[in-house]
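Novice: The structure under discussion is supplied below as structure tokens; questions concerning it will follow.
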Amino acid sequence: MDTMTFRVIIEPDERGTFHGYVPALPGCHTWGRTIVETRRHLRDAMRAYLMSLHADGLPIPRDQGFEMIETLTVKGAASRRRSPSYA
């Protein structure tokens, strides 16, 4: 059994739920009512995805990407931005 690390992205969606996906595993997406639920669903989806690749004799992709956060100051932009609801 190998331990692998993958980036996961979880974002709020327009329905008030959360969408999660794994950039290195194309098509590996899920959702949940909360971030915790989405993480649990995402781990299940990742396991199924990786087990399917293994069963088919296909290579496991390695996550080559990275995440960065950029902070910009734009005059007047903050006053027009709406805050997302994370309830």
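Novice: Do the sum for the chain: with -39,500 (n - 2.57) for every DSSP H run of n ≥ 4, divided by all residues, what is the mean residue ellipticity at 222 nm, to the nearest 500 deg cm²/dmol?
Specialist: Result for the chain: -8500 deg cm²/dmol, rounded to the nearest 500.
Novice: Select from the stretch 13-84 those chymotrypsin sites (Phe, Trp or Tyr not before Pro) which occupy a DSSP coil region and have at most 11 other Cβ atoms within 10 Å, ordered by residue number.
Specialist: Passing sites in the stretch 13-84 are Phe66.
Novice: Next question. Residues of the stretch 27-49 with amide nitrogen under 20 Å from the 7 Å Cα-to-Cβ point of Arg15?
Specialist: Under 20 Å, as judged by backbone N against the label point of Arg15, lie 27-46 of the stretch 27-49.
Novice: Apply the Karplus curve 6.51 cos²θ - 1.76 cosθ + 1.60, θ = phi - 60°, to the phi angles in the stretch 56-71 and return the couplings in whole Hz, x for Gly and Pro.
Specialist: 8, x, 9, x, 7, x, 9, 6, 9, x, 8, 10, 9, 10, 10, 10
Novice: Place +1 on the Cβ of every Lys and Arg and -1 on the Cβ of every Asp and Glu in the chain, take the dipole about the Cα centre, and give the residue among Ile69, Tyr21, Ala55 whose Cα lies farthest towards its positive end.
Specialist: Of the listed residues, the answer is Ile69.
Novice: Still on this structure: Assuming a viscosity of 0.692 mPa s and a temperature of 37 °C, what translational diffusion coefficient in µm² per second does Stokes-Einstein assign to the chain, Rh being the Kirkwood radius over Cα pairs?
Specialist: Roughly 216 µm²/s, to the nearest whole number.
Novice: While we're on this one: About the Cα centre of the chain, what is the dipole size in debye to 20, counting +1 per Lys and Arg Cβ and -1 per Asp and Glu Cβ, all else neutral?
Specialist: With only Lys, Arg, Asp and Glu charged at Cβ, the dipole is about 420 debye.
Here, each number is a calculation from the coordinates, and none is a lab measurement. Every value quoted in this text rests on a predicted model; they were computed, and no experiment measured them. Here Cβ is always computed from backbone atoms with ideal geometry, including for glycine, and neighbour counts include all displayed protein chains.
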